[in-house]
Amino acid sequence: MLEKTGIPTSDDLKAIKPDKERLKKGPVALIECFRKIPCDPCFYSCPFDAIDEFKDINDIPNLDYETCTGCGNCIASCPGLAIFVVDYNKNTLSLPYEFLPVPEKGDLVWGLNRAGKKVKKAEVVRVKDPAKNDKTAVVTIKLPKEYLMEVRNIEVGELNG
Amino acid sequence: MRIENHPILDLDRDEEKEITFTYKGKEIKAYEGETIAAALYAAGIRVLKASSKYERPRGLFCAIGNCSSCHMVVDGIPNVKTCITKVKEGMVVEEEVGKGDIVD
Amino acid sequence: MINTDILVIGGGPAGMTAAIKASESGAQVIIIERYHELGGQLIKQTHRFFGSKKEQAGIRGISIAQELTEKIENHSNIRVMTEATAEGYYEDEVVTISHENKFKKIKAKKVIIATGASENMLAFENNDLPGVYGAGAVQTLMNLYGILPGEKVIMVGAGNIGLIVSYQLLQAGVDVEAVIEAAPKIGGYLVHASKIRRAGVPIYTSHSIKKAIGENSVQGAEVVELNDNWEMKVGTEKVIEADIICLAVGLNPLSDLLIQAECEVVYTPELGGDVPIRDENLKTTKDHIFVAGDVAGIEEATAAMLEGEIAGLKAVSEIGYSNENIFEELNRLKTELNKLRSGPVGKVIKNGIEKVRRGNYVGKNRYSHLR
């Protein structure tokens, strides 16, 4: 259970999963923020108003998957680094990354699951590290579909020798 | 050991001024502006004093001047909180044993 | 003797916002800080803050420290005294300080005490070995001085500080072997826990540290599982190798100066220890003394900054620096603070504050026997 291990369970994850129809339409954000904490920057980061305004700052963010375009603006805004973007058309996953070295496009990295275990090698297809992100890079990797909901971190270095 | 690269912090030390101080008769390099305890730690020195009763080794604990775990004898003055005292060129730093003697 | 309108003791987040708010009305402010720069614990917080976007959420602590320090340095009516420690509070409202190794006296019309907190120790065998450090000390070494604290760390405590510092250790290139937590559940925000979990750090709840291993410095620790009654389960001991044992087992308000100044202080577990009785504007039982930040109760920096603003604003208003909008402004700040405390963690804090609100506390002052 999440409170004991820090790893969200499949029950936790059900709460955030957009349906298959939505996933087919293109990229969409997944906010893996499951418990109430006083935090609201994601609401302000969304240029499409897809995240509901917080009535109470402790509310769990509520994302309207139909309005979300998967632009990924929210990824680096989240202090908990809990937002990811999946694209089931291009088979990509975008995640926040605050370690060195920051990978480059074309690099091969390990995809790690929510427990930090290496589960699949992946190619980096895009790295966004603009000044406005203040050192939180957004790394996009290509993965087989079945890993898009499993991989949540990367290990850089080892595979590029 | 010093961290060379950091994902968030800019740790470029090119602009920093290097100074030298003495610890137990040995010359140690430090950067101006850092504390005595930080400079010693960077040089691999973790034991800063001996506890007053059983003379057990003691090192940092809080590093912000709250506890008294880092008291050392600095330029002859005992009980200096080395975690909040800046290191200076030519300083003579010694391990402290016991409660520290009053200096005339 | 140095005379001033407002004296702020402590240059952390609460003290800085108190000084800024007070000076904006035109009052003369002195802020004293023990360290050689302002910022308190903010100067080592490399992570993005939670809270309301309107109150700096999403910004890294180090950037907030920089912004507040610049604001203070640009205010001509704030005098900053660093390497200055308050030594005593006297009956004639004089505060004595040691400043750059000189003894000085300051008399202010109002004093705002924002001395912060100290890290808790934990009782276990060999807990005095070099290598057993407070989480804040490890942050100081790596985030302030860029020094590698060690190679392998055991983090004790899975509250926010334990989780955040574990993440910062990973960023500095240190291996975090395990986070151990005596409670059956992770105490900090679960997003922080998930962040280090997916970087491969195990979190062991219902576990404690039995002893540190090593002669002159830490070489490892013996950890043990706890049962439902928090007792050590015999036979579950295991050794984890590490050269650092990092303690993140809570903070304790640094209320010594308040006690010495004879402010009424009450032990309040919800707020982390001995905290002053105060009113909603953070005024203590002494007309001259306000408090703000962790010394008033252990909380997050965001709350400390709001409390600083409230105390600063109210203190200057009481000495004649009136601001037309003071009531609206105070109400706005209190509303923000209330919103921040509306969640499950905030509820505990609010309970604690209710207990020590002026007029509410009935009982014996813990330190009255010292008078």
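The values are calculated or read from the model by the stated rules, or taken from the named source; none is laboratory data. Keep in mind that this is a model prediction, so the values were computed, not measured. When we count neighbours, we look across all protein chains shown, and the Cβ atoms used for this are built from the backbone with ideal geometry, even at glycine.
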Given the conditions (1) in contact with a helix residue (DSSP H, G or I) (Cβ under 8 Å, 6 or more places away or on another chain); (2) away from chain C (no Cβ under 14 Å); (3) modelled with pLDDT under 95, every one holds for A:ASP19 apart from (1)
Quick one: count up the residues across the stretch A:92-118 that are more than 19 Å from C:TYR167 (Cβ to Cβ) and among the charged types (D, E, K, R). 4
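Return yes when C:GLY157 is more than 7 Å from chain B (Cβ to nearest Cβ), on the phi > 0 side of the Ramachandran plot, out of contact with any Ser or Thr (no Cβ under 8 Å at 6 or more places or on another chain) and buried (at least 19 other Cβ atoms within 10 Å of the Cβ) and no when it is not.
Values: more than 7 Å from chain B (Cβ to nearest Cβ): yes; on the phi > 0 side of the Ramachandran plot: yes; out of contact with any Ser or Thr (no Cβ under 8 Å at 6 or more places or on another chain): yes; buried (at least 19 other Cβ atoms within 10 Å of the Cβ): yes.
Taking the combined requirement at face value, the residue satisfies it.
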Expected single match for at the interface with chain C (Cβ under 9 Å from one of its Cβ atoms) and either on the phi > 0 side of the Ramachandran plot or among the aromatic types (Phe, Trp, Tyr) (or both) among B:GLY76, B:GLY33 is B:GLY33
Residues of the stretch C:234-256 being in contact with a Ser or Thr (Cβ under 9 Å, 6 or more places away or on another chain) and surrounded by fewer than 22 Cβ atoms within 10 Å (Cβ to Cβ), in sequence order, are C:ASP243, C:ASN252, C:LEU254, C:ASP256
Please pick out the residue among C:THR205, C:THR285 that is touching a residue at least 40 places away in the same chain (Cβ under 8 Å) and within 14 Å of chain A (Cβ to nearest Cβ). C:THR205
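Quick check: is even one residue across the stretch C:171-189 part of a helix (DSSP H, G or I) and surrounded by fewer than 24 Cβ atoms within 10 Å (Cβ to Cβ)?
The initial filter retains those residues of the stretch C:171-189 that are part of a helix (DSSP H, G or I), namely C:171.
Now restrict to residues that are surrounded by fewer than 24 Cβ atoms within 10 Å (Cβ to Cβ): C:171.
Yes, because at least one residue in the stretch C:171-189 is part of a helix (DSSP H, G or I) and surrounded by fewer than 24 Cβ atoms within 10 Å (Cβ to Cβ).
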Are any of the residues in the stretch B:2-19 in contact (Cβ under 8 Å) with a residue 24 or more places away in the chain and exposed (fewer than 13 other Cβ atoms within 10 Å of the Cβ)? no
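Residues are listed down the side, and each one gets a yes or a no for (1) in contact with a Leu (Cβ under 6 Å, 6 or more places away or on another chain); (2) among the hydrophobic types (A, V, I, L, M, F, W, C):
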| site | (1), (2) |
| --- | --- |
| B:GLY59 | yes, no |
| B:CYS67 | no, yes |
| B:LYS86 | no, no |
| B:VAL92 | no, yes |
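Can you give me the number of residues within the stretch C:125-143 that are of a type outside the set (Val, Ile, Thr) and at the interface with another protein chain (Cβ under 8 Å from one of its Cβ atoms)?
The first filter runs over the stretch C:125-143 and keeps only residues of a type outside the set (Val, Ile, Thr), leaving C:125-131, C:133-137, C:139, C:141-143.
Restricting the remaining residues to those that are at the interface with another protein chain (Cβ under 8 Å from one of its Cβ atoms) gives C:128-131, C:133-134, C:136-137, C:141-143.
Count: 11.
Inspect the stretch C:45-64 for any residue being more than 20 Å from the chain's Cα centre (by Cα) and farther than 27 Å from C:MET142 by Cβ and give the result as yes or no.
Taking the stretch C:45-64 first, the residues more than 20 Å from the chain's Cα centre (by Cα) are C:53-54.
With the extra rule that they be farther than 27 Å from C:MET142 by Cβ, the set shrinks to C:53-54.
Scanning the stretch C:45-64 turns up at least one residue that is more than 20 Å from the chain's Cα centre (by Cα) and farther than 27 Å from C:MET142 by Cβ.
Residue-by-condition table, conditions (1) more than 14 Å from chain C (Cβ to nearest Cβ); (2) without any contact (Cβ under 8 Å) to a residue 60 or more places away in the chain; (3) part of a loop (DSSP other than H, G, I, E, B); (4) surrounded by 19 or more Cβ atoms within 10 Å (Cβ to Cβ):
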position: A:LEU81; (1), (2), (3), (4): no, yes, yes, yes
position: A:VAL85; (1), (2), (3), (4): yes, yes, no, yes
position: A:PRO101; (1), (2), (3), (4): no, yes, yes, no
position: A:ARG114; (1), (2), (3), (4): no, no, yes, yes
position: A:LYS121; (1), (2), (3), (4): yes, yes, no, no
position: A:ARG126; (1), (2), (3), (4): yes, yes, no, no
position: A:LYS132; (1), (2), (3), (4): no, yes, no, no
position: A:GLU150; (1), (2), (3), (4): no, yes, yes, no
position: A:LEU159; (1), (2), (3), (4): yes, yes, no, no
Test: residue in the stretch C:213-230 that is touching a residue at least 24 places away in the same chain (Cβ under 8 Å), crowded, with 22+ Cβ neighbours inside 10 Å and closer than 23 Å to A:PHE34 by Cβ: no
For residues that are assigned to a loop (DSSP other than H, G, I, E, B) and of a type in the set (Val, Ile, Thr), scanning just the stretch C:262-311, find the one that is nearest to C:GLY11 (Cα to Cα). C:ILE298
State all residues of the stretch C:32-72 that are touching a residue at least 60 places away in the same chain (Cβ under 8 Å) and polar (S, T, N, Q); if no residue qualifies, say none. C:GLN41, C:GLN45, C:THR46, C:SER52, C:GLN56
Of (1) within 14 Å of chain B (Cβ to nearest Cβ); (2) buried (at least 18 other Cβ atoms within 10 Å of the Cβ), C:VAL80 fails just (1)
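Taking the stated definitions as given, is A:GLY106 closer than 25 Å to A:MET1 by Cβ and either touching a residue at least 40 places away in the same chain (Cβ under 8 Å) or not in a strand (DSSP E or B) (or both)?
Numbers: closer than 25 Å to A:MET1 by Cβ: no; either touching a residue at least 40 places away in the same chain (Cβ under 8 Å) or not in a strand (DSSP E or B) (or both): yes.
It is false that A:GLY106 is closer than 25 Å to A:MET1 by Cβ and either touching a residue at least 40 places away in the same chain (Cβ under 8 Å) or not in a strand (DSSP E or B) (or both).
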So which residues in the stretch B:86-97 are buried (at least 16 other Cβ atoms within 10 Å of the Cβ) and either in a strand (DSSP E or B) or in contact with a Gly (Cβ under 9 Å, 6 or more places away or on another chain) (or both), if there are any at all? B:LYS86, B:VAL87, B:VAL93, B:GLU94, B:GLU96
As an exercise: evaluate A:ASP56 against (1) at pLDDT 95 or above; (2) assigned to a loop (DSSP other than H, G, I, E, B) and give the number of the one condition it does not meet. (1)
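Could you tell me how many of the residues in the stretch C:315-343 are away from chain A (no Cβ under 14 Å), touching a strand residue (DSSP E or B) at 6+ places or on another chain (Cβ under 7 Å) and assigned to a helix (DSSP H, G or I)?
Of the stretch C:315-343, the ones away from chain A (no Cβ under 14 Å) are C:315-334.
Cutting the leftovers down to touching a strand residue (DSSP E or B) at 6+ places or on another chain (Cβ under 7 Å) gives us C:315-316, C:318-319.
After this cut, where a residue has to be assigned to a helix (DSSP H, G or I) as well, the list is C:315-316.
Result for the stretch C:315-343: 2.
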Every listed condition ((1) within 10 Å of the chain's Cα centre (by Cα); (2) more than 30 Å from C:ARG60 (Cβ to Cβ)) holds for B:ALA38 save (2)
Do the conditions hold for C:ALA199, that is, is it farther than 29 Å from B:GLU32 by Cα, within 14 Å of chain B (Cβ to nearest Cβ), in contact with a Gly (Cβ under 7 Å, 6 or more places away or on another chain) and not in a helix (DSSP H, G or I)? yes
